[in-house]
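The values are calculated or read from the model by the stated rules, or taken from the named source; none is laboratory data. From a predicted model like this one, the values you see are computed outputs, not experimental measurements. Positions of Cβ are generated from backbone atoms using ideal geometry, with glycine treated the same way; all protein chains shown enter the neighbour counts.
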Amino acid sequence: MWKLLRNTFMVMYEVKRWLLYKPTKTLKAYNQEFDNLFLSVKYRAEMPIDVWEKATDVHIALKSKGQLIGNADILIAAYCMVNDYTLITRNISDFERIDGLKFADWY
């Protein structure tokens, strides 16, 4: 399952905070698997300038509509948009606010 994730620190942050917020036995196992995979990859692609620029555009668009979401979600959305990825998420209510973002429900 984790092999589908791009190996960035932003992804690590998002996944780890979800896994560790209210850890169950299953989530603890996923956390260990995620750690092993993340730490095994030496190259971690950081976000290039065009992602930061897209994130700025998304932030401004959302703020002007009074629909601002969290910075981490804006950065993730921008990364997906710049790279023409489809974001797989459970957070439909936030990501559906972003024009031009391709996303699908986790379930």
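Residues are listed down the side, and each one gets a yes or a no for (1) surrounded by fewer than 19 Cβ atoms within 10 Å (Cβ to Cβ); (2) at pLDDT below 90; (3) not in a helix (DSSP H, G or I):
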{"position": "Lys54", "(1), (2), (3)": "no, no, no"}
{"position": "Asp57", "(1), (2), (3)": "yes, no, no"}
{"position": "Leu68", "(1), (2), (3)": "yes, no, yes"}
{"position": "Ala78", "(1), (2), (3)": "no, no, no"}
Suppose we filter segment 80-107 for residues that are part of a helix (DSSP H, G or I), surrounded by 11 or more Cβ atoms within 10 Å (Cβ to Cβ) and not aromatic (Phe, Trp, Tyr); how many remain? 5
